[in-house]
Amino acid sequence: MLKTLRAGDGASGVFLIVVGAIALAASTTIAAGAGGRLHPRTLPIAIGALLVLGGAWLIVRARSKQYQDQAIDWPDRAGWRNWYAALALMALYAALMQALGFITTTFIFIAAFIWYFGKFKPWVALAWGFGTVAFIYLLFIRLLQMELPAGWLAF
Amino acid sequence: MLAQGFASALSPINLLFALIGCIAGTLVGVLPGLGPTAAIAMLLPLTTMLPPAPAIIMMAAIYYGAMYGGSTTAILVNIPGEASSVPTAIDGYQLNQQGRGGPTLGISAITSFVAGTIGVVGLTFFAPLLSQVALAFGPPEYFALAFLGLSLIISLSGRALVKGILAAAFGLLTAMIGLDPLTGVARLTFGQPLLMAGIEFVPIIMGLFAISEVLLNVESSVRGILSDQKIEWLPSWQDLKETWAAMLRSGFLGFFMGLIPGCSPAVTSFMAYDMEKRFSKHPEKFGKGAMDAVAAVEGANNATASGGFVPLFSFGIPSGPALAVLLGGFMMYGLQPGPRLMTEQPQLLWTIIASMYIGNVMLLILNLPLVGVWARMALIPFPILGPLIVAFTFIGAYSLRFQMLDIWIVLLFGVIGYLMRKFGFPVAPMVLAAVLAKMLETALMQSLVISQGSALIFFTRPISVVFMIVALFFIARGVWLQIRTPAANIALESDV
Amino acid sequence: MKKTWLVVLGLSIVAVVIAACASEPPKPTEAPYPTKQITYMIPFDPGGQSDREARRQQPFLEKSLSQKIVIDYKVGGGGAVGWAELVRAKPDGYYIAGVNLPHIILQPLQQDTGYKTEQIVPVVFFQRTPLGLAVPANSPYKSLKEFIDAAKAKPESITVGGSGTFSGHHIATLRLQKIAGVKFNYVPFTGAAPQMTAVLGGHVNAVIANSDDLVKYKDQLRLLAMADADRFPLLPEMPTFKEQGVDMIEAIDRGVGVPVGTPDYVVKKLETAFLEIAKNPDIVADMKKQGFVPLAMGAAESKTHVEKMLATYKELVKDIK
C-alpha cells in the first residue's frame, strides 16, 4: 500500500481535500465579528478552498505521464513493529499521565522504552528511568515549582 | 555614561545576578518548550527583595541568554525549542549527523556572541536615531512584512513548491482554530471549549520535529544518532572563515528587524536563512548541512532579541511576550521605560546596557565549554536518548498552558510530521505559516478598517510598498523557475 | 425463574446502596479553610496587569491564609478560556481566578463562551483603570470638542484604536458615538502595546486607552478626556468627559472571583484576606503611582456592581449586534 510517491501524492491529495472540505463546512457558520471590514470567516474559507484545490492538483499530477515515480522509503516489517510499539508507548504515556501522575508514568515509559528498544540489562533501563525522574522532580517540581499532573501518588 | 554604567555593572552584586541570569537563560533555552517568558515571570516576586539594577539585569540576561541555548537541542536532536530555532535545526541537525555537531554548536555560540554584541552596540549608540523605526510600522506595514515572510515559503520549499504551499496552508489553518484575534469570534472550534484557546505552535513544532524524529529512528534498526564517527569539539579556523560574513550580515538584519515591535525572532531567523542562501557561494548545500546557514539563523535571532530593547527603552514598547514581562519588572519598581527614564534614571539604564556587554561575554565563556558536554549527548545510544526526548518534549508542551490537549497535539503532529517526510512535504513552510498567521490576519483586518476597505493602502505607503514589491518579486521568480524546469517539480524533493 | 430472582436481588442491593449514599448525613458546614494550597489562576499572559497584581498579592495572601498560593495561567480568548475553566472547577475555594469587568459581562453576551456571568461570584474588586481618550501630541485636534466636530463633519473618517472588539474600549467608543451623535471608525488591536504603538506612530487618529497606559505615554500624547467622575490624580491637566459636557464613565475593573456554589464562609475568608491587601497603604500608594485607582469592593458590593453593569451593557450591546 502506498509504495511509491505517486500513490503517496494521491493519498495526501485525498487527505487534504477532506481537511479542506471540513474547514470549508465549519467556516460557513462562523459568525460575523463586531465592526470589521474583514469577515472572520474569509481567510478560513480561502484556505479551505486552497487545500481542496491543491489536493486535487496533487491527485491530477500524480496521474500524469510525466510524473517520475519513486519508491517511498518505508520501514521493513520489523521496523513497522518498532514504529507501532514506539507510538503505542507514547500514547499510553500520555493517556495514563493524569491518572498515574507525571513522575510515575515517566518512569514507566522511560524504563519500558529503553528495555524494549535497547539491548540493555533491565537494571540499566530502571536506572535511567529513575535518574530522569529524579532530575525532573528536582528541577521542574522542586526548583521551578511547575504544576505537573500529580496523579494518585501525589508528591 | 557608558563608562559609569560599566563601573556599576561590574559591582559584585550586579555581576552575580548577571551570571545567575545567564545560567538560567541558557538552561531555559536548552530545555525545549520552556521559554524565557515563563522564567522571567516566575522571578517577578523577587523584585520585592532586590534593588532594581540587579533584578532587571538578571531578567534581561535570561531573555538574551535563552537565545544562546535555544539552538542546542535543535542541532543535536532536531528539536527546536522555539520557532526561532526551526531553521537552525534544518542544517544544524544535518551537520550533527555528519559528525560536526561540536563545531556547529561552537559556531552557534560564537555567532550568538557576535550578533548579541552587534545588537548591544546598536542599542548603545543608535537607539535614539533608530527608535523611530518602531513607530513607522502601522498595520499596513505589518501586513506587508507578514506577506514578505510568507513569500519565503517558496525558497523553503525547494523543488516541492506545490507541497510546500499546501503545507503552509495547513499551518495557516491550524493557526485559525480558536477565537479570532480581533473580533473574538469562535472559529473552527466545533463547539469544543478546549479548542477556543487555539492551538499553540510550539507543540506543533515539537511534534513535527522531535516526535517524528523518534518515529524515524525506531523504524530503522535501532542505532545511535551518531554511530562511531570521530567527533570534533570546536570549530576550526576554516569554519570561522566560512561563517564570519554570515554572522555579521544576519546580525545587522536581525538587529534592524528587532526594532520593529511584534516582529518576533522566529520571523527574522527564517528571513536570515533565506537571505544567506541568496548570498552564499554554495546555496545548494543549504538544507543539507551548511555551517553558514546555522550562523545566519543564530545571528539573526540573537540580534533581534537585543534589537527589541531599543523600542523598549525608548518608548516602553515591548516587542514580544518576554519583553512584556520584563517591562512588568520595570513597573514593579515604579519605573516606566521611555524618554523620561533616559533623563531621570540614566545611571540605571546605562548599568543595564553595560551589563549586556558583560552578559554576552559570560554567555560565550559559559557556552563554549558546554559544547563538549552537549556534543556528547549525540553519543548516547538512541534507545536511551529517544525516551528522554519524548519526556522533555511532553514537559515542555504541558508547561505552556498546563493542558493535556497540548501533549496530544504533540503526538498528532509527530505522526503528521513523519508522514510528511515520507511523502516529501517540506515541514518548515508549515511552521513559518503558523507563526505568521496571526500577524497576517490581524494586520490585514486593521488595514482594511483604516482604509475603509481599499487594498490600495498597501501600495501607497513607502515601507509597505517596498515590502510588497520584494515579496511579489520573490513569488514571481519562484513560480518562473518552477515553470522553466518542469521536470524538477515532479518527484525529488528537498528534504527540508 | 432463578435468573429473574437474581436480577431483582441485584437491583434491590443497588437501590439500597444508592439510598444509603444519598441519605448520608451532610458534611459539617464549616470545615476549616484553607487546609491546602490555593491555585490563583490568571486568564491573561504572564507579566500583564492582572498577573502583576496577583504577584504583588501573593506573599501577603500566603501570610494571611497561611497556605501556599500557586499562580497559574489559562490564557486565551481575551480571558474566556480561563473563566470557562473557573466555572468548571470545584467550588471549594481552592481554585480562584482573576476576573475583569466588563470582560466577564460582554463575552457571554457576544457568543457561547463556555461560561455565564452569573456563574462567577466576584469576591473583591481591588483595582480600577478608568478609560480615557487621547490623540498624538502633534494631532490637529486640541480638545474633545474639536475632535467631535471633526467627526461630525466627516463621519467614519476618524480612526479610533482600542483593544479588541466587544471589549471595554469598543463599548466606550460606541457610547461616545451615541452620546455625541457621531460615527468613528473603530480599529481593534490585540492589546495595549500594539494599540499604543499605533497611536504614537500616527497610524490611528486617536485611542481609547487604560489610564495606566495614558500615564506611561503622556509625554507623546494629547489627553483629551478621561471617562471618570473626577480628574485622574496622576493626570491633573486632563479634563473629564463630564466637564466637557459628555456624561460618560467607563473603566476596567480587576478583581478576584470563585465559581458559583462556593460556601459563604470560604468567600468571607477570601474576602477578608483580599480586602486587607487592598487596604494596605503601601500597596495603595504603589498602585496610585503606576496609574491605577485602588478599589476595596467587598463581595456584596461587587455583586451588585456586576449586576448593575450587566443590565446597562445588555442595553448597549443590542446596538452592535
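Worth pointing out:
- First in the stretch B:370-390 and over 18 Å from B:GLU219 (Cα atoms), second anywhere and aliphatic (A, V, I, L, M) and open to solvent by 50 Å² or more (accessible area, probe 1.4 Å), Cβ under 9 Å, 6 or more apart: B:VAL371/B:LEU234; B:GLY372/B:LEU234
- Residue check for C:ALA137: surrounded by fewer than 23 Cβ atoms within 10 Å (Cβ to Cβ), free of Cβ contacts under 8 Å to residues at least 24 places away in the same chain and assigned by TED's automatic domain parsing to the domain that holds C:VAL204: no
- Residue match in the stretch B:61-69 (condition: out of contact with any His (no Cβ under 6 Å at 6 or more places or on another chain), within 28 Å of C:PRO59 (Cα to Cα) and open to solvent by 10 Å² or more (accessible area, probe 1.4 Å)): yes
- Residue count for the stretch A:8-35, restricted to those that are open to solvent by 40 Å² or more (accessible area, probe 1.4 Å) and either more than 7 Å from chain B (Cβ to nearest Cβ) or part of a helix (DSSP H, G or I) (or both): 12
- Among the criteria (1) under 30 Å from B:PRO311 (Cα atoms); (2) open to solvent by 40 Å² or more (accessible area, probe 1.4 Å); (3) within 14 Å of chain A (Cβ to nearest Cβ), the one B:ARG401 does not fulfil is (2).
- Restricted to the stretch C:252-321, the set of helices (runs of 4 or more DSSP H) holding at least 2 residues that are among the hydroxyl-bearing types (Ser, Thr, Tyr) comprises C:264-278, C:299-320.
- Just one of the listed residues (B:THR343, B:THR304) is polar (S, T, N, Q), at pLDDT 85 or above and part of a helix (DSSP H, G or I), namely B:THR304.
- Tally, over the stretch B:86-141, of residues that are under 30 Å from A:LEU38 (Cβ atoms) and more than 18 Å from the chain's Cα centre (by Cα): 10
- Residue-level check: of (1) within 13 Å of chain B (Cβ to nearest Cβ); (2) closer than 15 Å to C:TYR40 by Cβ; (3) crowded, with 22+ Cβ neighbours inside 10 Å, C:GLY78 misses just (2).
- Failed criterion for B:LEU195 (all others in (1) surrounded by fewer than 24 Cβ atoms within 10 Å (Cβ to Cβ); (2) within 21 Å of the chain's Cα centre (by Cα) hold): (2)
- Against the numbered list (1) out of contact with any Phe, Trp or Tyr (no Cβ under 8 Å at 6 or more places or on another chain); (2) open to solvent by 30 Å² or more (accessible area, probe 1.4 Å), C:HIS305 comes up short only at (1).
- Residue in the stretch A:121-130 that is within 8 Å of chain B (Cβ to nearest Cβ), farther than 26 Å from B:ILE409 by Cα and basic (Lys, Arg) present: no
- Yes/no for B:LEU16 being within 26 Å of B:GLN345 (Cα to Cα) and open to solvent by 40 Å² or more (accessible area, probe 1.4 Å): yes
- Among the residues listed as C:GLY261, C:GLY291, the single one being modelled with pLDDT under 95, out of contact with any Gly (no Cβ under 6 Å at 6 or more places or on another chain) and under 19 Å from C:ASP92 (Cα atoms): C:GLY261
- Conditions (1) within 12 Å of B:THR268 (Cβ to Cβ); (2) surrounded by fewer than 24 Cβ atoms within 10 Å (Cβ to Cβ): number failed by B:ALA303: (2)
- Conditions (1) within 14 Å of another protein chain (Cβ to nearest Cβ); (2) open to solvent by 40 Å² or more (accessible area, probe 1.4 Å); number of the one not met by B:CYS263: (2)
- Residue list for the stretch C:193-224, restricted to those being touching a residue at least 24 places away in the same chain (Cβ under 8 Å) and surrounded by fewer than 23 Cβ atoms within 10 Å (Cβ to Cβ): C:LEU200, C:GLY202, C:ASP212, C:VAL215, C:ASP219, C:GLN220, C:ARG222, C:LEU223
- Flag if B:ALA167 is part of a helix (DSSP H, G or I), within 12 Å of another protein chain (Cβ to nearest Cβ) and not acidic (Asp, Glu): yes
- Selection from the stretch B:142-156 of residues that are over 19 Å from the mean Cα position of the chain (by Cα) and open to solvent by less than 10 Å² (accessible area, probe 1.4 Å): B:ALA144
- When C:GLY98, C:GLY78 are checked against the criterion of being more than 16 Å from B:ARG401 (Cα to Cα), in contact with a Ser or Thr (Cβ under 9 Å, 6 or more places away or on another chain) and in contact (Cβ under 8 Å) with a residue 40 or more places away in the chain, a single residue qualifies: C:GLY98.
- Residue count for the stretch B:208-249, restricted to those that are small (Gly, Ala, Ser) and either modelled with pLDDT of 80 or more or assigned to a helix (DSSP H, G or I) (or both): 5.
- Qualifying residue in the stretch C:17-34 (condition: at pLDDT 85 or above and within 16 Å of the chain's Cα centre (by Cα)): no
- Taking the conditions (1) in contact (Cβ under 8 Å) with a residue 12 or more places away in the chain; (2) open to solvent by 50 Å² or more (accessible area, probe 1.4 Å) in turn, A:LEU51 satisfies each one other than (2).
- Of A:ASP69, A:ASP76, all but one fail to be over 20 Å from B:ILE211 (Cβ atoms) and in contact with a strand residue (DSSP E or B) (Cβ under 6 Å, 6 or more places away or on another chain); the exception is A:ASP69.
- Residue selected from the stretch C:50-75 under the condition within 11 Å of chain B (Cβ to nearest Cβ) and open to solvent by 40 Å² or more (accessible area, probe 1.4 Å), by the criterion farthest from C:ALA273 (Cα to Cα): C:VAL75
- Scope the stretch B:78-133; condition on the phi < 0 side of the Ramachandran plot and outside any helix (DSSP H, G or I); matching residues: B:ILE79, B:PRO80, B:GLY81, B:GLU82
- Sole residue being surrounded by fewer than 16 Cβ atoms within 10 Å (Cβ to Cβ) and either at pLDDT 90 or above or not in a helix (DSSP H, G or I) (or both), chosen from B:GLY372, B:GLY334, B:GLY359: B:GLY334
The values are calculated or read from the model by the stated rules, or taken from the named source; none is laboratory data. No experiment lies behind these values; they were computed from the predicted model shown. No Cβ is skipped: glycine too gets one built from the backbone with ideal geometry, and neighbour counts run over all protein chains shown. Only protein heavy atoms, including side chains, enter the accessible area calculation; ligands, DNA and RNA are left aside. Shrake-Rupley method; radii C 1.70, N 1.55, O 1.52, S 1.80 Å.
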